[in-house]
Amino acid sequence: MSSEYIHGYNKEEQDRLIHQAEFLKTYVYEKIQMAGIHHLLEVGCGVGAQTKILLDIFPHLKVTSVDISSTQLDVAKKRLSKYIEEGRLNLVQSDATQMDSLSDNSFDGAFLCWFLEHVPDPISVLKETRKKLIPGSRLWSSEVMNWTLFVDPYCQHLLKYWFEFNDYQWTIKGHPFIGAQMGNYLTHSGFSNVKTDVRTWFWDDRFPVQRKEFFDEFKDLFYSAAKELKKHNRVDQDLIDNMKKEFDERSLTSGSVLYMSWMRSEAEA
Ligand SMILES: C[S@@+](CC[C@H](N)C(=O)[O-])C[C@H]1O[C@@H](n2cnc3c(N)ncnc32)[C@H](O)[C@@H]1O
């Protein structure tokens with residue numbers, strides 16, 4: 001894990017992850033087919049926000065989910081106790097670069113979501129994940145490309161804050177635009193049949209409901225890093241307040257536009 005984690009591990013952030021996963025589920029799971037998969041390895045599961053969705057929409061699946069943080073896994077354990085009792089879920093605390101407690105060649109699918117941006121060496125995570133997969137198994141990942149965020153009319157504070165957010169994440173060895181590298185990283189980790197699909201959210205006056213919902217969701221995402229950014233003198237209270245004000249104004253203003261892209265990747269072990 002990078003030496004610090006930009007979002008932190010507090011209850012508010014854990015709730016935000018659950019909300020975010022439910023909010024984006026239509027997009028994240030669109031076109032993902034797991035009919036032939038029996039035992040899925042989920043890497044970087046956090047509080048189990050995606051885990052619950054995976055177990056619900058693919059009722060035949062058995063899932064082993066890995067995270068480095070016991071704080072996150074404790075929440076997952078409470079939330080998902082029903083699936084653990086049913087024998088469908090196994091939670092494992094481990095660094096994803098060295099998942100020694102899992103046998104090699106023992107999973108027939110892997111799933112990673114909003115995760116690799118937080119690790120200093122994503123290729124070593126991908127290589128380790130590949131080792132755990134039976135050759136020929138499929139991996140799915142969804143990763144961010146933060147620089148693609150575009151808001152119109154122009155928002156000075158929002159963009160200033162976003163620069164500090166991403167620049168800080170970069171300095172703690174995260175990778176806030178990793179989606180753009182997934183084709184390279186999967187290839188260099190030994191995967192084959194690597195497919196990348198740039199997915200886009202674009203909301204204007206034709207989609208006022210989605211536009212407002214996405215502005216609100218992004219405001220929460222931005223704000224989730226406020227404490228860390230303030231602690232490291234990246235932002236002050238004025239910038240935080242003005243950033244939030246711009247989000248609120250744009251979310252309700254006719255004529256405003258919100259655009260962002262992210263990367264869905266698929267590959268074969
Ligand atoms: C943004 S959360 C994403 C969680 C989940 N995939 C979701 O979509 O809700 C990123 C997670 O990666 C975990 N993490 C960071 N570095 C890790 C590492 N080296 N090995 C395993 N997990 C790690 C963090 O503890 C955190 O829970």
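Find out how many positive minus negative residues lie around A269, taking Lys and Arg as positive, Asp and Glu as negative, among other residues whose Cβ is under 10 Å from that of A269.
Values: positive: R130, K131, K132, R138; negative: D108, E268.
With Lys, Arg at +1 and Asp, Glu at -1, the neighbours total +2.
In the full protein assembly as shown, how much of W147 is accessible to a 1.4 Å probe, in Å² to the nearest 10?
Roughly 130 Å² of W147 is accessible to a 1.4 Å probe.
Which net charge results for the neighbourhood of I57, defined as the other residues with beta-carbon distances under 15 angstrom from its beta-carbon, given Lys and Arg at +1 and Asp and Glu at -1?
Here the charged neighbours net out to +1.
If you count only protein heavy atoms and use a 1.4 Å probe, how large is the accessible surface of K131, to the nearest 10 Å²?
Probe radius 1.4 Å; accessible area of K131 about 100 Å².
Ignoring ligands, DNA and RNA, what percent of the accessible area of the chain is carbon or sulfur (1.4 Å)?
Working: 6240 of 12090 Å².
Ligands and nucleic acids excluded, carbon and sulfur give 52 percent.
Over 22 Å between Cα atoms: which of K11/K230; K127/K173; K77/K127; K52/K78; K173/K231; K31/K212 fall into that group? Don't skip to the answer; put the middle values down first.
Values: K11/K230 19 Å; K127/K173 19 Å; K77/K127 27 Å; K52/K78 12 Å; K173/K231 17 Å; K31/K212 25 Å.
Flagged as over cut-off: K77/K127; K31/K212.
Quick one: which residues, 5+ away or cross-chain, put their amide H under 5 Å from the amide H of W140? H built at 1.01 Å from N.
Amide H neighbours of W140: A110, F111, L112.
Around N233, under 15 Å between beta carbons, what's the net of Lys plus Arg minus Asp minus Glu among the other residues?
Within the 15 Å Cβ shell, the charges total -1.
Can you give me the distance in nm between label points at R206 and N193, each placed 7 Å from the Cα along the Cα-to-Cβ direction?
So the label points at R206 and N193 sit 3.5 nm apart.
Quick one: which residues, 5+ away or cross-chain, put their amide H under 5 Å from the amide H of V257? H built at 1.01 Å from N.
Correct list: D152.
How many nm is it between the label spots at H19 and K173, if each spot is 7 Å from the Cα in line with the beta carbon?
3.2
Just subtract the alpha-carbon distance of N90 and N105 from 0.36 nm times their residue separation and send over the number in nm, one decimal. Numbers along the way, then the final one.
Numbers: separation 15, 0.36 × 15 = 5.40 nm, distance 1.69 nm.
Length gained, N90 through N105: 3.7 nm.
Pull up the DSSP beta bridges for the chain and report the antiparallel fraction as a percent, rounded to 5. Can you show the working numbers first?
Working: 20 of 40 bridges.
Here the antiparallel bridges make up roughly 50 percent for the chain.
Computed on alpha carbon atoms, what radius of gyration and Dmax characterise region 1-79, expressed in Å?
When restricted to Cα atoms, region 1-79 yields Rg and Dmax of 13.1, 38 Å.
Only sites in a loop by DSSP and with at most 12 other Cβ atoms within 10 Å count here; which chymotrypsin sites (Phe, Trp or Tyr not before Pro) in region 1-78 make the cut? Mind showing how you got there, number by number?
Details: sites: Y5, Y9, F23, Y27, Y29; in loops: Y5, Y9, Y29.
Counting only loop positions with at most 12 other Cβ atoms within 10 Å, none of the chymotrypsin sites (Phe, Trp or Tyr not before Pro) in region 1-78 qualifies.
Please work out how much length the chain gains when fully extended from S124 to E12, using 0.36 nm per residue of separation minus the C-alpha to C-alpha distance, in nm with one decimal.
Here the segment from S124 to E12 would lengthen by 37.3 nm.
Taking only C-alpha pairs under 8 Å that are 6+ residues apart, what is the relative contact order of region 11-268 in percent? Write out the running numbers ahead of the final one.
Details: 438 pairs, mean separation 52.8, N = 258.
Relative CO of region 11-268 lands at 20 percent.
Can you compute 3J(HN,Hα) from phi for each residue in region 172-189, using the Karplus curve 6.51 cos²θ - 1.76 cosθ + 1.60 with θ = phi - 60°, rounded to whole Hz and x for Gly and Pro?
Here the 3J(HN,Hα) series is 8, 6, x, 8, x, 10, 4, x, 5, 9, 4, x, 5, 5, 5, 4, 6, 8 Hz.
List residues of region 217-256, by number, whose backbone nitrogen lies under 17 Å from a label position 7 Å along Cα→C-beta of Y154.
So the set is 243, 246-247, 250, 256.
Across region 217-230, in residue order, what do the Karplus-derived ³J(HN,Hα) couplings come to in whole Hz, using 6.51 cos²θ - 1.76 cosθ + 1.60 with θ = phi - 60° and x for Gly and Pro?
Calculated HN-Hα couplings, in order: 5, 5, 4, 5, 4, 4, 5, 4, 9, 4, 4, 5, 5, 5 Hz.
Taking a 1.4 Å probe, which of L239, L91 shows the most accessible area, and what order do the others take after it? Show your work: numbers first, answer last.
Working: L239 20, L91 40 Å².
So the residues, ranked largest to smallest area, are L91, L239.
The values are calculated or read from the model by the stated rules, or taken from the named source; none is laboratory data. Keep in mind the model is a prediction, meaning the values are calculated, not measured. Positions of Cβ are backbone-derived with ideal geometry, glycine not excepted, and every protein chain shown enters the neighbour counts. We work out accessible area using only protein heavy atoms, side chains counted, and drop any ligands, DNA or RNA first. Shrake-Rupley method; radii C 1.70, N 1.55, O 1.52, S 1.80 Å.
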